[in-house]
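Q: Sharing a structure, written as structure tokens. Questions coming.
The values are calculated or read from the model by the stated rules, or taken from the named source; none is laboratory data. Quick caveat: nothing in here was measured; it's all calculated off a predicted structure. With ideal geometry, Cβ positions are generated from the backbone for all residues, glycine too; neighbour counts draw on all protein chains shown. Ligands, DNA and RNA are excluded from the accessible area calculation, which covers all protein heavy atoms including side chains. Shrake-Rupley method; radii C 1.70, N 1.55, O 1.52, S 1.80 Å.
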There are 2 protein chains.
Amino acid sequence: MERIEHRAASGGWQDVYRHTSQVLGCDMNVAVYLPPQAATQKLPVLYWLSGLTCNEQNFITKAGAQRYAAEHGVILVAPDTSPRGDDVADAEGYDLGKGAGFYLNATEQPWAAHYRMYDYVVEELPALIDAHFQTTGARSISGHSMGGHGALVIALKNPGRYKSVSAFSPIVAPTRVPWGQKAFTAYLGEDRARWAAWDASELVASATERLPLLVDQGGGDEFLDNQLQPQWLQAACTAAAHPLTLRLQPGYDHSYYFISSFIGEHIAHHAKALYA
Amino acid sequence: MERIEHRAASGGWQDVYRHTSQVLGCDMNVAVYLPPQAATQKLPVLYWLSGLTCNEQNFITKAGAQRYAAEHGVILVAPDTSPRGDDVADAEGYDLGKGAGFYLNATEQPWAAHYRMYDYVVEELPALIDAHFQTTGARSISGHSMGGHGALVIALKNPGRYKSVSAFSPIVAPTRVPWGQKAFTAYLGEDRARWAAWDASELVASATERLPLLVDQGGGDEFLDNQLQPQWLQAACTAAAHPLTLRLQPGYDHSYYFISSFIGEHIAHHAKALYA
């Protein structure tokens, strides 16, 4: 882990590290916010997964999350959204390839060699974070849009691993919407039977842990009707009696103005679970 | 005033307007944050002046100021940092020309035709804001770096016009540092006698209002020793017995991470004066 950025923020340090990922087969940047309490004690970690076109910078520069992490004593870890580098396959368009890893393990060519963001976020990155920083081992996970999909799927597939999960404007049913169908066709192949394992609205039916889902969705989101469709998650949770708090926030769009308006409530929600 | 952006944020609206400036002779963008209270009552206005290379976007996307403006009931107005457009003179380098208006009225060619940011910020923009929004008429002013210079100079040159003034990492003595000397030579000419009217550390000596100056300066700021040199302002305020609160914040650099860490305190400071 090479520290490439180090900036004082809200009494702590907003750092960015670069490391070689064995899982992804490339160098990766990851943002780590260390609140002031990190200087003297072990802290829990909130993982943040960003959306399409983002890298490790968007969340740390636009969400205004540091002041809440400092208030609650939570480390924030925000990785990039895909493998990177000249050796990594890419596609035209913003919704496939670099910047669009979809937090899954690809099985199809040319993606399978590097596109293993699921294993990276679930296994390699937490091991790296816990080895390099003083952590309690308690973890929660959140994200936005494609990253909201990632947070929900990762929490549902790993009972017991996260203390809490939340999402902003998540893709809740990728098998049913254009963004997900394009990505899953490329990364997982044409056989739709293999897609369900990466769809939060499908995974809810067989979830054993019943970790409550907190989802905020902007009512003025330009992708609401076409790509996000939170009603699929609501229906699945109702059918499975899975706990869900789905809040439709009137007027808010898909941007970081929405995230910055509610990130304080999300961090408070995670801190309560992480310190329980 | 044409509204070109309209985004829900912290219970209010982060808007961007485009208008034709008579003073600058070009079209200008200006960001306006309307907190939730703006829907039902007249509010005071805090003007924010950004630094070199910025436009109207930097402050509204990175400072995290909206939540504090919503808390205190203050409208935020953040203009661009220079005239813009194909007809406007420019120079190579980030510190002269477009993005580097220095909040003064240029007298030299080729700048004098459009570079009148002082008149724009002091006269034309407030008149426009007060005509288009429900304001109480109470105004304060703040800014960062070149914009901190602008806020201090504008407040000092206009006794009675602002309820309060503050600055982050301001250029306090432009006549003594490279950024200011380059800009003033170009915009104002070689005669240094004319520069003092645009230098906060010079203006303090003749200030009649004695409006307290609040200045935050990062101790890890990469421009501290070469360009910022807050000791000149401190010495001038001491000599003139002008009220100054200069806070050196250890570790903080020149970035928006510094601004976002302390903008809440600055907005609380201004709100207290604006509602007094």
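Q: Does residue B:83 qualify as being in a loop (DSSP other than H, G, I, E, B) and in contact with a strand residue (DSSP E or B) (Cβ under 9 Å, 6 or more places away or on another chain)? Please lay out each step first, then the result.
A: On the way: in a loop (DSSP other than H, G, I, E, B): yes; in contact with a strand residue (DSSP E or B) (Cβ under 9 Å, 6 or more places away or on another chain): yes.
Yes: the conditions hold for residue B:83.
Q: Among the residues of the stretch A:131-141, is there at least one that is among the aromatic types (Phe, Trp, Tyr), farther than 15 Å from residue A:83 by Cα and in contact with a strand residue (DSSP E or B) (Cβ under 9 Å, 6 or more places away or on another chain)?
A: Let us first name the residues in the stretch A:131-141 that are among the aromatic types (Phe, Trp, Tyr), namely A:133.
Still in the running and farther than 15 Å from residue A:83 by Cα: A:133.
So of that shortlist, the ones also in contact with a strand residue (DSSP E or B) (Cβ under 9 Å, 6 or more places away or on another chain) come out as A:133.
Among the residues of the stretch A:131-141, at least one is among the aromatic types (Phe, Trp, Tyr), farther than 15 Å from residue A:83 by Cα and in contact with a strand residue (DSSP E or B) (Cβ under 9 Å, 6 or more places away or on another chain), which makes the answer yes.
Q: Another question about this same structure. Of the residues that sit in the stretch B:47-69 and are in a loop (DSSP other than H, G, I, E, B) and in contact with a helix residue (DSSP H, G or I) (Cβ under 8 Å, 6 or more places away or on another chain), which one is farthest from residue A:67 (Cα to Cα)?
A: That would be B:52.
Q: Here's something else I'd like to know. Take the conditions touching a strand residue (DSSP E or B) at 6+ places or on another chain (Cβ under 6 Å) and not aliphatic (A, V, I, L, M) and apply them to residue A:185. Does it pass? It would help to see each step written out before you state the result.
A: Values: touching a strand residue (DSSP E or B) at 6+ places or on another chain (Cβ under 6 Å): no; not aliphatic (A, V, I, L, M): yes.
Criteria not met by residue A:185.
Q: Looking at (1) open to solvent by less than 30 Å² (accessible area, probe 1.4 Å); (2) under 17 Å from the mean Cα position of the chain (by Cα), which is the only condition residue B:195 fails?
A: Result: residue B:195 passes all but (2).
Q: Given the options A:167, A:138, A:131, name the one that is free of Cβ contacts under 8 Å to residues at least 12 places away in the same chain and among the hydrophobic types (A, V, I, L, M, F, W, C). Full working, then the answer.
A: Details: A:167 fails: free of Cβ contacts under 8 Å to residues at least 12 places away in the same chain; A:138 fails: free of Cβ contacts under 8 Å to residues at least 12 places away in the same chain.
Testing whether each residue is free of Cβ contacts under 8 Å to residues at least 12 places away in the same chain and among the hydrophobic types (A, V, I, L, M, F, W, C) leaves just A:131.
Q: So in the stretch B:22-42, with the set limited to residues that are part of a strand (DSSP E or B) and touching a helix residue (DSSP H, G or I) at 6+ places or on another chain (Cβ under 6 Å), which one is surrounded by the fewest Cβ atoms within 10 Å (Cβ to Cβ)? Break it down stepwise before answering.
A: Residues of the stretch B:22-42 part of a strand (DSSP E or B): B:26-34.
Imposing the further condition that a residue be touching a helix residue (DSSP H, G or I) at 6+ places or on another chain (Cβ under 6 Å) reduces the set to B:31, B:33.
Numbers: B:31: 23, B:33: 26.
Among those that are part of a strand (DSSP E or B) and touching a helix residue (DSSP H, G or I) at 6+ places or on another chain (Cβ under 6 Å), it is B:31.
Q: I'd like the residue in the stretch A:242-251 that is open to solvent by 20 Å² or more (accessible area, probe 1.4 Å) and assigned to a loop (DSSP other than H, G, I, E, B) and, out of all such residues, is farthest from the other protein chains (Cβ to nearest Cβ).
A: To start, the set of residues in the stretch A:242-251 that are open to solvent by 20 Å² or more (accessible area, probe 1.4 Å) comprises A:243-251.
With the extra rule that they be assigned to a loop (DSSP other than H, G, I, E, B), the set shrinks to A:243, A:250-251.
On the way: A:243: 27, A:250: 8, A:251: 4 Å.
Checked the stretch A:242-251; the qualifying residue farthest from the other protein chains (Cβ to nearest Cβ) is A:243.
Q: Which one of these is open to solvent by 10 Å² or more (accessible area, probe 1.4 Å), part of a loop (DSSP other than H, G, I, E, B) and β-branched (Val, Ile, Thr): A:175, A:107, A:136? Steps first, please.
A: Numbers: A:175 fails: part of a loop (DSSP other than H, G, I, E, B); A:136 fails: part of a loop (DSSP other than H, G, I, E, B).
When all the criteria are applied, what remains is A:107.
Q: Let me confirm something: among B:190, B:265, B:222, which residue is away from chain A (no Cβ under 14 Å), charged (D, E, K, R) and open to solvent by 20 Å² or more (accessible area, probe 1.4 Å)? Even if it seems obvious, please write down each step before you answer.
A: Numbers: B:265 fails: away from chain A (no Cβ under 14 Å); B:222 fails: away from chain A (no Cβ under 14 Å).
From the options B:190, B:265, B:222, the qualifying one is B:190.
Q: Condition first: in contact (Cβ under 8 Å) with a residue 24 or more places away in the chain and over 19 Å from residue B:198 (Cβ atoms). Now tell me which residues in the stretch B:225-238 satisfy that. Please lay out each step first, then the result.
A: Keep residues of the stretch B:225-238 that are in contact (Cβ under 8 Å) with a residue 24 or more places away in the chain, which gives B:226-230, B:232-233, B:235-237.
Across the stretch B:225-238, the qualifying residue is only B:226.
Q: Among (1) away from chain B (no Cβ under 14 Å); (2) open to solvent by 20 Å² or more (accessible area, probe 1.4 Å); (3) within 28 Å of residue A:73 (Cβ to Cβ); (4) of a type outside the set (Val, Ile, Thr), where does residue A:274 come up short?
A: (2) is the only condition that residue A:274 fails.
Q: Let me ask something additional. What is the residue count in the stretch B:198-219 for residues that are more than 14 Å from chain A (Cβ to nearest Cβ) and open to solvent by 10 Å² or more (accessible area, probe 1.4 Å)?
A: Filtering the stretch B:198-219 for residues more than 14 Å from chain A (Cβ to nearest Cβ) gives B:198-215.
Then keep just the ones that are open to solvent by 10 Å² or more (accessible area, probe 1.4 Å); that gives B:198, B:201-203, B:205-212, B:214.
Going through the stretch B:198-219 one residue at a time, the tally reaches 13.
Q: Checking residue B:120 against (1) assigned to a helix (DSSP H, G or I); (2) free of Cβ contacts under 8 Å to residues at least 24 places away in the same chain; (3) of a type outside the set (Gly, Ala, Ser), which single condition isn't satisfied?
A: (2)
Q: Looking at residue A:204, is it in contact with a Cys (Cβ under 8 Å, 6 or more places away or on another chain) and within 20 Å of residue A:105 (Cα to Cα)? Lay out the reasoning, then the answer.
A: On the way: in contact with a Cys (Cβ under 8 Å, 6 or more places away or on another chain): yes; within 20 Å of residue A:105 (Cα to Cα): yes.
It is true that residue A:204 is in contact with a Cys (Cβ under 8 Å, 6 or more places away or on another chain) and within 20 Å of residue A:105 (Cα to Cα).
Q: Quick test for you: out of A:159, A:126, pick the one residue that is in contact (Cβ under 8 Å) with a residue 40 or more places away in the chain and either in a helix (DSSP H, G or I) or open to solvent by less than 10 Å² (accessible area, probe 1.4 Å) (or both). Outline the logic, then answer.
A: On the way: A:159 fails: either in a helix (DSSP H, G or I) or open to solvent by less than 10 Å² (accessible area, probe 1.4 Å) (or both).
That would be A:126, the only listed residue that is in contact (Cβ under 8 Å) with a residue 40 or more places away in the chain and either in a helix (DSSP H, G or I) or open to solvent by less than 10 Å² (accessible area, probe 1.4 Å) (or both).
Q: Follow-up. Buried (at least 21 other Cβ atoms within 10 Å of the Cβ), modelled with pLDDT of 95 or more and not acidic (Asp, Glu): which single residue out of B:151, B:112 fits that description? Break it down stepwise before answering.
A: Numbers: B:112 fails: buried (at least 21 other Cβ atoms within 10 Å of the Cβ).
Matching residue, one of B:151, B:112: B:151.
Q: To continue, here is another question. Regarding residue A:239, is this residue small (Gly, Ala, Ser), away from chain B (no Cβ under 14 Å) and either open to solvent by 20 Å² or more (accessible area, probe 1.4 Å) or at positive phi (or both)? Please lay out each step first, then the result.
A: Working: small (Gly, Ala, Ser): yes; away from chain B (no Cβ under 14 Å): yes; either open to solvent by 20 Å² or more (accessible area, probe 1.4 Å) or at positive phi (or both): yes.
Judged against the criteria, residue A:239 is a match.
Q: Still on this structure: Which residue is nearest to the other protein chains (Cβ to nearest Cβ), if the candidates are limited to the stretch A:1-59 and must be among the aromatic types (Phe, Trp, Tyr) and over 17 Å from the mean Cα position of the chain (by Cα)? Break it down stepwise before answering.
A: Pass one, the stretch A:1-59, residues among the aromatic types (Phe, Trp, Tyr): A:13, A:17, A:33, A:47-48, A:59.
Going one step further and asking which of them are over 17 Å from the mean Cα position of the chain (by Cα), we end up with A:13, A:17.
Working: A:13: 8, A:17: 16 Å.
For the stretch A:1-59, the residue satisfying everything is A:13.
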